[in-house]
Structures are given as structure tokens and as C-alpha cells.
1. Does segment B:38-55 contain any residue that is touching a residue at least 40 places away in the same chain (Cβ under 8 Å) and exposed (fewer than 15 other Cβ atoms within 10 Å of the Cβ)?
2. Can you tell me which residue is nearest to the other protein chains (Cβ to nearest Cβ) among those in segment B:323-358 that are surrounded by fewer than 22 Cβ atoms within 10 Å (Cβ to Cβ) and farther than 27 Å from B:LEU423 by Cα?
3. Taking the criterion of being more than 12 Å from every other protein chain (Cβ to nearest Cβ), more than 23 Å from B:GLY291 (Cβ to Cβ) and either part of a helix (DSSP H, G or I) or among the β-branched types (Val, Ile, Thr) (or both), would at least one residue in segment B:91-103 satisfy it?
4. Tally up the residues in segment A:72-111 that are over 19 Å from the mean Cα position of the chain (by Cα) and facing chain B (nearest Cβ under 10 Å), please.
5. Could you check A:GLU40 against (1) away from chain B (no Cβ under 14 Å); (2) under 30 Å from B:ASN122 (Cβ atoms); (3) of a type in the set (Asp, Glu) and say which number it fails?
6. Has segment B:296-307 got any residue that is buried (at least 17 other Cβ atoms within 10 Å of the Cβ), assigned to a helix (DSSP H, G or I) and not hydrophobic (A, V, I, L, M, F, W, C)?
7. Within segment A:140-176, track down each residue that is in a strand (DSSP E or B), within 11 Å of chain B (Cβ to nearest Cβ) and of a type in the set (Val, Ile, Thr).
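The values are calculated or read from the model by the stated rules, or taken from the named source; none is laboratory data. Owing to the predicted nature of the structure, the values given are computational and were not obtained by experimental measurement. Cβ placement follows ideal geometry from the backbone for every residue including glycine, while neighbour counts extend to all protein chains displayed.
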Amino acid sequence: MAATAPTDFTNSVVVTDEVAEFSSAVVEEMKSHLVKYPPERKRSALIPLLFVVQRERGYVDNAGANFLAKFLGLEVTDVWETATFYSMFNFRKIGKHHIQICKTLSCKIVGEPEITNHICKRLGIHPGETTVDGKFTVTMVECLGSCGTAPMMQIGFDYHENLTTEKVDRILDSLK
Amino acid sequence: MEIKAIGCEPLQLKRMHIEDGHTLRVYRETGGYAALKKALTMSQDDIINEVKASALRGRGGAGFPTGMKWSFVPRQSPKAKYVVCNADESEPGTFKDRYLLERDPHALIEGMLIAAYALGSNVSYIYYRGEYKYLIDIMDKALDEARAANLLGKNILGTDFSCELYTHTGAGAYICGEETALLDSLEGLRGHPRMKPPFPAVEGLYACPTVVNNVETLTAVPQIIEMGGIKWRDLGTEKSGGTKLWSVSGHVKKPGVYELPMGYKDMEKFILEDCGGMLRADKKLKAVIPGGSSVYIMNADQIIGKNVTLDYEGLVAGGSLVGSGGFIVMDETVDIMESTKNLTEFYKHESCGWCTPCREGTDWLVKIFDRIAAGNGKPEDAQLLLDICDNIEGKSFCALGDAAAWPIQSAIKRFPEDFKKWLTKNTNGN
């Protein structure tokens, strides 16, 4: 199974002129970010708005990037230049639930490997992969600021701490 | 997980266990915003002088004197001034800011407003690491409360001072904790550090005078204004004023966030008593990284019986640094080659890629560690690792290069047996 990281950019984007459309509520949400910055500095809203695009489109795609370029008065290359730097942006579809397991030292020395092995065995995938039913993607990530409650994982934006294999099973059971 | 003060009254941790401590109502009930009221009657110079007198040093990791940083801002400049809070907390082993942001957001708001007033700023930002999204939501609610109470926005508390505060999200990049990379990221760019000088105080956000301070640095400001700089300083020592938060993790019974007076005696007692002692009674202390992964790793024989004081001078004398206070305790089950490999992978992942020595060097270091961990280490690898570290340290735009080198240099020096074991055994049979 291909283990391409969700953030891998090359080979996954087909560039066209398509521009995404968003509801007026979402556009208002985007405008609410714009007001925080000087009017001649719209690019400051790029990262907050990339998150909105990712939420609405599933990931940062060609049409979403084209929209942001228009909305912010940027070149589309400016949008990709920024987006590709940051680890939290995905450039292809990933699983419904993104399981991000911290692998950094404080988690590693209090049981992360056991948790990682348990999750990967239960889901039948390796880190970097997505389950065949599209429900889960597992990624190893760096320190999430949860070292006192290690080992831990972040699913989407939610923190799950003080993990045991039993707790992991309860969490995964509860995810639709 | 523990959150408590030891050896001092909780100041930073004052509201950690109070129900609804994150709300404006409880913040005010516990004395909040009295410091802002007082500050608005003081001159800008007087506020900056109190911060100087406090001996407060940046709590993010670099430890630069805060009052001095503030005094570099040219307040006469016609350009806008900015105060930016660095809430990008990403240094491995560090999690103190997370709890300040979660349980006491108004303390940060008050600290930033006092800083903004002192520096002539009317718009300021809190830059959060992207993974801390739930904390941004908490702060946005607190900011709305402050606006509704005339504590934020136009004519604060009926004075001439107007100031807006906004949250801003990062998107997963440790390097954006470096203050100039943070500013580039805030401008919507890739997070590359800038050449310094010019420093942010002169040319920062949007090329305007900017002060970037850590969360814990800014939450100390209301305390300093309320009790006076000297009194705050004297909670600690003359050169290391006030109190500091230590994020304790690893092989102790009671990991958590501890507030200690600067100059706390001593590191051995802190580990073996205050933090509950070793996690497993039969596994002895082997190593400690006291200030976040970037500082020198310490051998237990540099701690036990050595009276290492927990402040800036004490840790330097003891062989490491305060850094971010990310205090990682390791027992004898940890292989120091493997722990160092783990951190080297971190720096390679997080290198922004701008400077050749760091970009290429961290990648090469990981490749060598991979080869060693696969059983193909050679005796000359220790010197090879040190040579590469030497080609990175001090030879890049920012401290990430140094941060990648220091763990390896200190680990090889202080745990030679752990490396020897990998570099002389050879599972290939050669």
C-alpha cells in the first residue's frame, strides 16, 4: 500500500483554472479573519484561510488555492509556496479521522511504541497510510505539548492523553 | 497530572484549579485587571523600568532580558508598534504555556495590554501553534468578554488608550517559535527566520517596531506591575528574578507543571522528592534534559550530590541551561544513542531548509543514526557526528542549527558508553 504522507505535494495536484465556490456563511467567516490585519496586508490571512479551505474541501486542492489567490489578491504560486511549508495542510484526501501520534522523546520513553503498534495492528495499516474504508489515517507527529500526560495522540484537532491500549480501543470504537 | 507551586505562593499558577478561572468574572474576583488599571496611570518609561528592575528574562527559551527588549522599541517612530505573543509552544518537553492559555487566558490579555500601553501599540496578536486550536477558541471567548467590559478596544477603561488583540493560527512548524520566523508566518509567508540585525524591536511585523514575547513572560507582567519590579525579582534571585514554570515529564511519579522560585535548591531534591521520585523504584536516574530538548543533556552524576540550583546561573554552572524549562527525566532503561536519535529526527523534520548547514547537516545526521541503529555503526562515527555538528553550530541564521548540534555533542561527551556499545558491536559480523 502506498505510504505517501498526506502532506506530500508532488504528483497529487493537477493545476487548472477551476475556482472553488463557498457558501456566503463561509465567505463571511473568511472576511472575519481579514479584518484583523491591515488592509494592505491581506496575505496575513492566508494560513487561517487555508484551514477554512481544508475544512470545506477536505484538503487544500487546486480549486481552493485558486479561490484564495483571487480572494487575497495573490498569485496562486504564493498560495502554494506558503501552504507547502506547513505540516498541518494536506494536499490529497485522507481518512475521516486523522490519528496523529506523538513520537517525540517524552512520549517515546513512557510507552508510545506500544500504543503505535496497537493502533497500527488494529487498523491494519502503517504510519503514513489510510485504511481501505477511508475511515482512519495514521501519522507520526512531533511534540504536541502534552508531555506530562503521555503517551498521547491528536485526532483531528482533539487531544487524547494518558493513553493505554484499552483507552485507545474505547476511543476508536466511539468514532463513526 | 500535577499543576502546583513549590517553595513559593502560586503566581503564574494562581488560577489553575479555580472553577471557571478562565472567565472574566472569576479573573476579576481574584484581583485581575487591577494591574492594568494601575499601569494606565503610569508613564510608559515607568512601566518599562519596573520590568527592567524585575530581572524578568524571556521564558520561551532564549532568556533575553525582557525590560531591555522593550526598551529597544523606538517609541517616537511614526510607524505602528506591535506586541506579538509567542504561543507557538513546540520545544519537546515543554507544555507550560498550554495550561496558562487553557485556564488563565485573561492573565495573558492583561499582560499584553500593559505591554501594548507601554510600547505604544494599538493592535497586537497572539500567534498560536496550529495544533492548539482548542486554546484559540478559549482565548477568542475571553477576548469577547474583555471587549464587552471595555477592557479591550476603543478607550480602554475610559482612557485615551485604545488597543485591539487578535488570535492568529500557525499550521505545524516548530521553527515558527523563532521570533522572526514567527513574524514571517504571521505575514502569511513560509516560516523562515530573518537575518538579524535588524531586530524585531526596530523592524519586525510589517517592518514596524515589534516586541515578541513568550506567553509566560507576558503573564508575569501584571504581577510585576502590581507588586513592583524589585519585589517580584526578589521572589527569585538578583540575576534570575521571579518564579519559573517547569514542565516535568518522563520517568517520575508526578509529571506536571511546577512553579518554582528562581534559585530553587536544588535539582536533585526537585526530582527525587517534589516530583515524586523515580517512576519505578528499581530503575535509577540516568539522565535529565532540564530546559527543553535543545539544551545539553545532563548525566545523573552531574545532579546527584551536586547542589545544582534551578536558575539561569545555576544551570549554566551545572552544565546545562534553563531554556524553556522542559524538564525530561530519564531512568536507566533509556539508551542515550536512541534518545539522541529521536531528537535528531525532530530537528531534521523541523529544519526550515533555508540554511545549507542545517538543512543538509540534520538530514545527514539522521542517516548516520539510522545506520548506527541498524547495527552498522563504526568507531569513527562518533567523531563524524561531532564534525557534522561543528559544521552546523553557529553557522546558520537561527538557533535551530545549534539546537540540533547540542544534544548530540553533550550526549557523546557525557554518555560515551551508550555510544561505544553501538559503535563497536556490529551485527553484520564484520
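1. yes
2. B:GLY353
3. Checked against the condition, which is being more than 12 Å from every other protein chain (Cβ to nearest Cβ), more than 23 Å from B:GLY291 (Cβ to Cβ) and either part of a helix (DSSP H, G or I) or among the β-branched types (Val, Ile, Thr) (or both), segment B:91-103 yields at least one hit.
4. Total meeting the criteria: 9.
5. (1)
6. yes
7. Result: A:VAL141, single match.
Residue by residue, here is whether (1) under 18 Å from B:GLU238 (Cα atoms); (2) of a type outside the set (A, V, I, L, M); (3) out of contact with any Gly (no Cβ under 9 Å at 6 or more places or on another chain) holds:
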| site | (1), (2), (3) |
| --- | --- |
| B:ARG15 | no, yes, no |
| B:VAL26 | no, no, no |
| B:ALA35 | no, no, no |
| B:VAL51 | yes, no, no |
